[in-house]
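Note sheet for the following structure.
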Amino acid sequence: MTTWKNTRDWLETLVAFDTTSRNSNLALIECVRDELATLGVSARLFHSPDGAKANLFATLPASNGETQGGIVLSGHTDVVPVDGQQWSTNPFALTEKGGRLYGRGSCDMKGFIAASLALVPEFLATQRARPVHLAFSYDEEIGCAGAPVMINQLKAEGARFDGCVVGEPTSMQVVVAHKGINLYRCRVHGKAAHSSLTPRGSNAIEYAARLICRIRDIADHFKAHGPYDEFFDVPFTTMTTNQIQGGIAVNTIPELCEFAYEFRNLPGMSVDGIQAQVESYVRDELLPRMRAEFADARIEIETGASAPALEASEEAAITQLVRALTADQEKRKVAYGTEAGLFHNAGIPTVVCGPGSIEQAHKPDEFVELAQLDACERFLRKMGTSL
C-alpha cells in the first residue's frame, strides 16, 4: 500500500484540480473516492442532475461498526474563478513561501478537506464509539446548489448524525451563526420605439430603475430600523442590486432590461416576507404604470440560488464540543454564507470552524498558513479521540 498523503500533500493534490464552479469536479471527487478505497473506505457519490458534478459522502464507522450518529466533516470542492486576477504564482499549483501555502482554494476551502483526508488513517485506528463522516460538495460558490442533492437523499434514507462541522475559513475560531443568501434575477419587458417617439414606447430601463430604487429603499429601512443583531459585523439585513444590462442603442427606447439582486437576511427573518415587499411593489404600483403605456408590459422575477441562515444552539452538543476543543467561548456571527444552514435545517446541529482567514478567500494569491493547517489537524485529532 502506498504511503497515505499528509495534509500538505493532500492540499497540493486538491489545488491541482481546477474545480472552478463552471467546471466539473468529478476528477477531484473520483481521486478522493479511489484513495479512500485503498483504506477500505467506501464512498458514495451523489451526482448533479446532469451528471457533470458530484458530492462525495463517506463514513468511517465506529469501532463496533456503527454507522449512524457521529460527526460530519463538511467542505465544498468548488472554487471561484481566477479570471482577471493578478497572481504571482500558478493558482493551480500549490506554492510554499514564508510559512504560507498559496493556491486557489487553499483557504476556501480545500485546506480543511486536506486535513480531514490526511487524518483518515488515524480516525480508522482510533477507538471511537461514534463514526466520522466526510461530506464534500459541489457548487457551493454559486449558491450552495450541490449539497442539497446529498443532504436530501441522506435524510430520505433515514440517516442520523449527532452534529456537523463546516470547515469554512474562520481562523479555527467558532462561528455559530451566519446570514442567509437569496439571489434573484428580474426581467422588465417594455416596448421598443425610436427615442424621438418616446410616448409610443415603454422604457424597460427606466422602470427597472424604479424597482432597483425600491429595493434600495427597503435596504435603507433595514439599516435604519432593524431588526439588528450586534454580533454580526453588518448587524442588519442587506439588499443590493449587483448586475444590470439593457438597451441596444442610444436612440432606441429599450424593450428589455435585466438585473440581478440579492439580500442577506439575519437568522429568523422571513425570506418570503422580504421578497413579498419587492413583488407587491411590482404588482400594485409598477406594472399598472407600465401597462398604462403598453398593455403587454410584464415583469418576471426568477428565484436563483439560495442558502439558509444559520443560528446554532449554544446548548447543542456539537457547539459545546467544538468550543471545548478550540478553547473558544466567544460568540461570532458572520455575514458570508455557508452550507451550515442546509445541514442545520435538515435537523443536524452545525457550527462553522476551519483553517485560514476569510480575508484571503477569493483573492489573488489566496493562501492558508501552515500554522492554521497544524491547528486544524490538532482540532480534528482531538475530535476523533473524543467520539
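Data for the structure
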{"quantity": "Positions within segment 80-99 being under 13 Å from Val15 (Cα atoms) and outside any loop (DSSP other than H, G, I, E, B), in sequence order", "calculated": "Thr95, Glu96"}
{"quantity": "Within segment 291-320, tally of residues that are surrounded by 20 or more Cβ atoms within 10 Å (Cβ to Cβ) and in a helix (DSSP H, G or I)", "calculated": "1"}
{"quantity": "Subset tally (residues that are of a type in the set (D, E, K, R), open to solvent by less than 40 Å² (accessible area, probe 1.4 Å) and more than 16 Å from Ala54 (Cα to Cα)) for segment 119-144", "calculated": "1"}
{"quantity": "Residue list for segment 8-24, restricted to those being buried (at least 20 other Cβ atoms within 10 Å of the Cβ) and either without any contact (Cβ under 8 Å) to a residue 12 or more places away in the chain or farther than 23 Å from Leu373 by Cα (or both)", "calculated": "Ser21"}
{"quantity": "Subset tally (residues that are in a loop (DSSP other than H, G, I, E, B) and surrounded by 14 or more Cβ atoms within 10 Å (Cβ to Cβ)) for segment 40-56", "calculated": "3"}
{"quantity": "Within segment 57-115, tally of residues that are buried (at least 18 other Cβ atoms within 10 Å of the Cβ), closer than 19 Å to Leu370 by Cα and hydrophobic (A, V, I, L, M, F, W, C)", "calculated": "8"}
{"quantity": "Segment 246-266, subset surrounded by fewer than 19 Cβ atoms within 10 Å (Cβ to Cβ) and not acidic (Asp, Glu), residue farthest from Ala192 (Cα to Cα)", "calculated": "Ala260"}
{"quantity": "Residue in segment 231-245 that is open to solvent by 40 Å² or more (accessible area, probe 1.4 Å), at positive phi and not basic (Lys, Arg) present", "calculated": "no"}
{"quantity": "Hits in segment 129-164 (condition: modelled with pLDDT of 95 or more, aliphatic (A, V, I, L, M) and within 18 Å of the chain's Cα centre (by Cα))", "calculated": "Leu134, Ala135, Ala147, Val149, Met150, Ile151"}
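The values are calculated or read from the model by the stated rules, or taken from the named source; none is laboratory data. For clarity, every value in this text was computed on a predicted model and none was experimentally measured. Note that each Cβ is placed from the backbone with ideal geometry, even for glycine, and that neighbours are counted across all protein chains shown. The area values use the complete protein model at the heavy-atom level, side chains included, leaving out ligands, DNA and RNA. Shrake-Rupley method; radii C 1.70, N 1.55, O 1.52, S 1.80 Å.
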